[in-house]
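As structure tokens, the structure follows; a few thoughts come after it.
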Amino acid sequence: MSEPDKFEDDLLYALTRTGEGFRAEPSDLLAGGYRRGRRRWRRRSTAAVVGGAAALALVGTGAVYLTGSSPRPSTVPAAAPSTAGGSGSAAPASSASASASAPPAVSGDEVLAMFQALLPKGETTGGTGTGTGVDPGRPYGGGIAATASLVFDDGKGKSAMGISLGRLADGDPNRAENDCPDKKLVQYDACSATTLPDGGTLTVLQGYEYPDKRATTKWWNAKLIGKDGRQVELSEWNSPAEKGSPDSRPKPPLTPEQLKAIVTDKSWDRVIASIPDPVPVKPRDSGKEYDKDEILAIVAKLLPAGLTETETGGQPGYANFVVNDGKGKSLVEINVQDWSRDDKTKEELFGSAQAQPDGTRVVVGKRGSNPGMWTVDTLHADGLRVVISAFNSGTQQTPATRSTPALSTDQLKAIATAPVWKLRK
């Protein structure tokens with residue numbers, strides 16, 4: 001392997017492991033699961049954090065939304081080179097040629113002024129913006145390139161708002177990831193996902209600052225992915241400041257239709273046109289990954305008699321479903337990952353685990369009760385990690401509907417340690 005190819009391979013590996021970067025001691029794992037890794041539904045270049053096992057849901061797969069609490073607009077970063085969300089490695093490109101292909105940059109003040117001009121009648125304060133200029137020494141890798149944030153007051157209470165704009169390269173998987181989140185994993189009031197006449201996609205979500213609704217603060221979001229690769233995303237809250245601040249109004253001021261109108265407004269064309277061409281994305285080889293349907297098919301054959309998968313969902317490397325044994329719904333999540341190269345963290349999580357006769361190491365734990373989650377985390381001898389959790393509720397976030405999950409830890413262990421799971425070379 002050449003040095004450039006080796007570098008790309010190592011970089012790709014590092015990026016695809018980013019979602020697995022949340023390493024917990026076993027006690028932390030059992031207390032709260034893993035924090036998710038792949039795609040947040042709204043990427044803010046976005047993605048969102050889910051509690052408990054949703055992380056399982058996403059550790060290291062590189063893609064699912066699980067919406068969650070989001071930083072206030074003032075914390076939205078200015079553009080920085082990236083490789084488009086960890087889903088592939090950036091192919092070499094000339095930053096000078098990328099910059100030369102774009103019209104003059106739009107300043108942060110201009111972005112802020114455009115945003116203010118699209119808002120309904122009201123007062124804005126605390127406005128800031130970042131423009132589309134890119135350091136010529138750092139190639140633009142796609143994602144967020146310009147932002148504006150402010151506090152808006154229409155006379156009915158202050159609302160924090162923020163908008164971000166960017167471009168996604170052809171082949172960037174983020175261009176195809178603009179769906180409503182899985183309600184088994186996060187609570188929200190309403191969501192619509194539509195394909196626009198020009199081929200773009202628009203999702204409008206009416207959700208909460210925290211997906212478990214531990215605070216009443218609402219977070220409403222519109223995200224446009226254009227056929228030309230533009231990504232325009234607008235968020236608003238019914239609160240004027242950071243998390244933990246009292247709500248200032250019953251709901252955010254902009255309606256879903258107003259959110260849609262702002263992100264699809266033609267005034268953003270000039271901003272998008274001024275963003276340099278994104279560095280092309282080299283899609284990563286996902287041939288080794290188990291896809292959602294494969295995982296569901298394997299687990300269906302391993303379930304105890306009488307249990308059937310319903311309400312299925314997932315993404316590459318991850319699947320979820322609901323079972324009901326007559327005592328109430330029980331959410332089950334399973335994540336399948338290649339950990340054949342992860343020597344250090346394997347020891348951190350599995351070093352004290354007793355190996356099974358076939359070499360599989362197992363960590364079992366329980367956390368919470370309302371809802372409660374039982375987890376079996378296994379590392380097979382070939383380096384394949386299979387993690388499965390079951391809840392005593394039909395979702396991650398709603399109160400328990402039964403005293404224990406529908407699957408016992410022994411049954412979870414039987415599924416996770418089944419010899420059918422093999423690392424794909």
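The values are calculated or read from the model by the stated rules, or taken from the named source; none is laboratory data. Keep in mind it's a predicted model, so treat the numbers as computed, not measured. Here Cβ is always computed from backbone atoms with ideal geometry, including for glycine, and neighbour counts include all displayed protein chains. All accessible areas refer to the heavy atoms of the entire protein, side chains included, with ligands and DNA or RNA removed. Shrake-Rupley method; radii C 1.70, N 1.55, O 1.52, S 1.80 Å.
See the values below:
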| item | result |
| --- | --- |
| Cα-based shape type of the stretch 219-335, given that a ≥ b ≥ c are square roots of the gyration tensor eigenvalues and the cut on a/c is 1.5 | oblate |
| Ranking by accessible area, most exposed first, for THR417, THR216, THR194 with a 1.4 Å probe | THR216, THR194, THR417 |
| Centre separation in Å (Cα based) which lies between the stretch 230-296 and the stretch 315-370 | 31 |
| Linear extension gain, ASP291 paired with ALA273, 0.36 nm per residue minus alpha-carbon span | 2.8 nm |
| Label point at ASP179 placed 7 Å out along Cα→Cβ; residues across the stretch 223-254 whose backbone nitrogen lies under 19 Å | 223-227 |
| Label-to-label distance, nm, for residues given as ARG424 and GLN356 (7 Å Cα→Cβ offset) | 2.1 |
| Shape call, the stretch 221-262: gyration tensor on alpha carbons, a/c limit 1.5 | oblate |
| Accessible-area value, CYS191, 1.4 Å probe, nucleic acids and ligands omitted, Å² | 40 |
| Area of MET114 that stays accessible when all protein chains are in place (1.4 Å probe, Å², to 10) | 30 |
| Under-20-angstrom lysine pairs by C-alpha in the stretch 241-387, whenever the two are 8 or more apart or on separate chains | 7 |
| Full-stretch length increase - SER403, LYS266 - with 0.36 nm per residue and alpha-carbon distance subtracted | 44.0 nm |
| Inter-label distance, nm, simple model (7 Å from Cα along the C-beta direction), ASP109/THR194 | 3.7 |
| Cα shape, the stretch 114-246, gyration tensor, a/c 1.5 rule | oblate |
| ASP382-ASP247 pseudo-label distance in nm [points 7 Å out on the Cα-to-Cβ vector] | 5.1 |
| Heavy-atom accessible area order for SER107, SER235, largest first, 1.4 Å probe | SER107, SER235 |
| Paramagnetic reach from ASP170 in the stretch 198-229 [backbone N under 13 Å; point 7 Å along Cα→Cβ] | 228-229 |
| Exposure ranking of SER369, SER164, SER340 by accessible area [1.4 Å probe, largest first] | SER369, SER340, SER164 |
| In Hz, Karplus ³J(HN,Hα) per residue of the stretch 155-167 (6.51, -1.76, 1.60; θ = phi - 60°; x = Gly, Pro) | x, 10, x, 7, 9, 6, 9, x, 10, 10, 9, x, 10 |
